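A short write-up of the structure that comes next.
The values are calculated or read from the model by the stated rules, or taken from the named source; none is laboratory data. Quantities reported herein were computed from a predicted structural model and do not represent experimental measurements. A quick note on method: Cβ atoms are made from the backbone with ideal geometry, for glycine too, and the neighbour counts reach across all protein chains shown.
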Amino acid sequence: MARSTGNGGAAAGGRKGLAMRAVWLAAFLIAAGASPARAATAAAAVPAVPAAALAGAAVCPALLDHAFPELVSGKPVSLCQYRGKVLMVVNTASECGFTPQYEQLEALHRRLGPRGLVIVGFPSNDFGQQERASNKAIADFCKLNYGVSFPMFERTEVTGPRANPFHAQLARRSGTAPGWNFHKYVVDRSGNRVQSFATTTRPDDPKLVRELERLLAEPSRPGV
C-alpha cells in the first residue's frame, strides 16, 4: 500500500526537484559526448520524472545541448533554457584593453533583454593571460566595476584543442574562432545560424545592433 507523505506541497516540490535533476543529468551527459537517446534513458531512470520534463530536453537545438557552471554559484546551467532566444556569446577578460565593453554589454542586455536577447559571458585566460585566477575574483570584478547582471559562466577555454565543445561548435558553424578577448557570436532564435563579430566590434556598434534587432523581430521557433 502506498504511503501518504502528509504534505502535498512537499511532494510536489520533490517531484519538481527530481525533474530538474533529470534535465541536468541529460544535459551533462550530452555535453560529455553521450547521444541524446542515451542521455534520455539515463534521465528516465530518475524516479517520478514527468514526461514533459524529458520532452523539454529533446527539443533543444543541437548547438545549445551543453551545460556550464554558473560563475557565482557554480551550479550547472543548461543552455537549452535559452532556446527560442537570440544569443550573444562573448569570451571575456578582466584585465584587457577591451574590458570596458562590459559596460556596453550590460547596457545592451538591459535594452534588448526584454525583447528576447540573452548575452552570455565566458571568462577566458586564452589571450594574453588577462583573466583572473579564481571565479570569485572574476565575479566580484564584474559586479563591482560594471554591475554585470547578464549570465556569466566559470572560466573556460574558448579556442584551440582545449576549447569547450560549445565554442568549438560556434567556431565551426561561423567559420571563425575567437582571436582575442571579447569576440562575439550571435545565434538566431532557431539555434542554427551563427554570425561572428570581431573583438573590435563594440556591443553598441550600429551595424551589430541593427542585426540583433532584425533577429529579434523574427518569430520564435524553439526546438527548430
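Structure above, values below:
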| item | result |
| --- | --- |
| Residue in region 104-125 that is within 26 Å of Gly160 (Cβ to Cβ), surrounded by fewer than 14 Cβ atoms within 10 Å (Cβ to Cβ) and at pLDDT 95 or above present | no |
| Matching residues, region 61-110, being in a helix (DSSP H, G or I) and out of contact with any helix residue (DSSP H, G or I) (no Cβ under 9 Å at 6 or more places or on another chain) | Gln101, Gln104, Ala107, His109, Arg110 |
| Selection count where residues are assigned to a helix (DSSP H, G or I) and touching a residue at least 40 places away in the same chain (Cβ under 8 Å), scope region 111-126 | 2 |
| Qualifying residue in region 127-148 (condition: in a loop (DSSP other than H, G, I, E, B), closer than 22 Å to Leu63 by Cα and under 17 Å from the mean Cα position of the chain (by Cα)) | no |
| Residue that is surrounded by the most Cβ atoms within 10 Å (Cβ to Cβ), among those in region 178-204 that are of a type in the set (Gly, Ala, Ser) and in contact with a strand residue (DSSP E or B) (Cβ under 9 Å, 6 or more places away or on another chain) | Gly191 |
| Matching option when the condition is more than 23 Å from Asn192 (Cα to Cα) and either aliphatic (A, V, I, L, M) or at pLDDT below 95 (or both), among Ala168, Ala133 | Ala133 |
| Any hit, region 80-99, residues being closer than 24 Å to Arg189 by Cβ, among the hydroxyl-bearing types (Ser, Thr, Tyr) and either buried (at least 19 other Cβ atoms within 10 Å of the Cβ) or modelled with pLDDT under 95 (or both) | yes |
